[in-house]
Structure formats: C-alpha cells, structure tokens
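Chemist: After the structure tokens below, expect a handful of questions from me.
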Amino acid sequence: MCPRHESVLLEKMSFLGEHEIKIDSKGRMRLPAGIKKQLNPTANGRFVVNRGFESTLQIYPFDVWEKTRAKVEKLNTFNKQNRKFVRSFLAGATELVLDSADRINIPKHLLKYADIQSEAILTPGKHTLELWNKKRYEAEMDFDSDDFADLAESVLGDIDLGNDDGE
C-alpha cells in the first residue's frame, strides 16, 4: 500500500465500543471479537502497550504505534521537556502479540501503574484502545447530561461538524 493511502486509512481508523475485560492472574486479557474485527490487517495481531494519561494503559495496534513513535522520535531532545517526554513515553512501551486464544499478556509493571487487577474496561482512544481500572473509569465517566453538554460546547462549540455534502 502506498504511504498516501496508508495515512488515509490510519486517519479513518477508530475503534467503537466499551468492553468489560477480565485480566487473569498471569496478566492476560482476551481481545473482544468486536475490537478484533475493527483492526487494520497491517497490524498483523501485534500491539504496543504503554502508560497513558489518567492512569490508563494505551494499547496501540502496531501500525499505529510505528507512526506515533516516528513522530515522537522527531522531537528535539536537546530541549529538556522534549527529552523528558520522549523518555517517559518510550520507557514502558512493550510489544504484545495476540496468541491463538486472542489474548495479549499485559506486563505486571504496567498493570500496577494503572491499578488494574482483575476487572478492567477497554474503550476507544484516538486510533488506540484505552485500558482502565474499572472503578476509576466509572468515576471518570460519572457525569450527567448537562456536564456532557457543557464539555461538548467548550471543545466543539466553534466547530461545524456538518457532513461534507453541506448537511
């Protein structure tokens, strides 16, 4: 696939769904069938898991990780903040591969970072998946419709989200 079409495919790829996940004592989680169907075949069952924001874990399909890492590695590391970010961003990154039972094995140190033991929530991120401690996720998402409306207005209030055909 040519790079131009690959980037278009990446821009269009996003995940849907909120999935309750069980993590076994070895740190393995089964990837939901609905998520597996949404994966770009170029990821080839490979992922990278890393520390995320709000104590989550970010799970990148491998093709998305490669593009993200390339952007991060372009940062000027003579700048102290950039250097600190690059170091922090790359430090916990771990490659994962789906096994024959559609499971990935999350490293213990990353599960500890996100305070995930046996119950978790897998949600869409921007071209990634976010793995949350179930209780933390429920607390984060505990807002009423007015709170959501206010958030939408502050983030999207000046943006026309109409269709390309003028609707």
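Chemist: Roughly how many nanometres apart are two label points built 7 Å out from the Cα toward the Cβ at residue 84 and residue 117?
Modeler: 3.3
Chemist: Also, I was wondering about something else. Given that just one value was derived from the coordinates, which of (1) -0.26, -0.88, -1.07; (2) -0.34, -0.94, -1.08; (3) -0.29, -1.09, -1.26 is log10 I(q)/I(0) by the Debye sum over Cα atoms at q = 0.08, 0.16, 0.18 Å⁻¹?
Modeler: (3)
Chemist: Okay, moving on. Could you please state how large a percent of the accessible area of the chain is carbon and sulfur, counting protein chains only and using a 1.4 Å probe? Show your work: numbers first, answer last.
Modeler: On the way: 5640 of 11100 Å².
Heavy-atom surface of the chain belonging to carbon and sulfur, 1.4 Å probe: 51 percent.
Chemist: Please give the length that would be gained between residue 18 and residue 126 if that part of the chain were fully extended, namely 0.36 nm times their separation in residues minus their C-alpha to C-alpha distance (nm, one decimal). It would help to have the intermediate numbers written out before the result.
Modeler: On the way: separation 108, 0.36 × 108 = 38.88 nm, distance 1.39 nm.
Computed gain between residue 18 and residue 126 is 37.5 nm.
Chemist: When only DSSP loop residues count, what chymotrypsin sites (Phe, Trp or Tyr not before Pro) in segment 100-167 have their Cβ near at most 13 other Cβ atoms within 10 Å? Working shown, then result.
Modeler: Working: sites: 113, 132, 137, 143, 148; in loops: 143.
In loop regions of segment 100-167 (DSSP not H, G, I, E or B), the sparsely surrounded chymotrypsin sites (Phe, Trp or Tyr not before Pro) are 143.
Chemist: When ligands, DNA and RNA are left out and all protein chains stay put, how many square angstrom of accessible area per residue does the chain have with a 1.4 Å probe? Intermediate results must be reported in sequence, preceding the final value.
Modeler: Working: 11100 Å² over 167 residues.
Result: 66 Å² per residue.
Chemist: Continuing with the same structure: Loop only per DSSP, at most 16 neighbouring Cβ atoms within 10 Å: give me the GluC sites (Glu not before Pro) in segment 20-74, ordered by residue number. If you can, show how the numbers build up before the last one.
Modeler: Working: sites: 20, 54, 66, 73; in loops: 73.
Sparse-neighbourhood loop GluC sites (Glu not before Pro): 73.
Chemist: Relative contact order for segment 87-158 using alpha-carbon pairs under 8 Å, separation at least 6, rounded to a whole percent? Write out the running numbers ahead of the final one.
Modeler: Values: 36 pairs, mean separation 11.6, N = 72.
About 16 percent, as a whole number.
Chemist: What FRET efficiency comes out for the pair residue 75/residue 146, r = Cβ-Cβ distance, R0 = 45 Å, nearest 0.05? Could you put the intermediate results ahead of the total?
Modeler: Numbers: r = 39 Å, r/R0 = 0.87.
Here the calculated transfer efficiency is 0.70.
The values are calculated or read from the model by the stated rules, or taken from the named source; none is laboratory data. What you are looking at is a predicted structure, and each value in this text was computed from that prediction instead of being measured. All Cβ positions, glycine included, derive from the backbone under ideal geometry; neighbour counts span all protein chains shown. The area values use the complete protein model at the heavy-atom level, side chains included, leaving out ligands, DNA and RNA. Shrake-Rupley method; radii C 1.70, N 1.55, O 1.52, S 1.80 Å.
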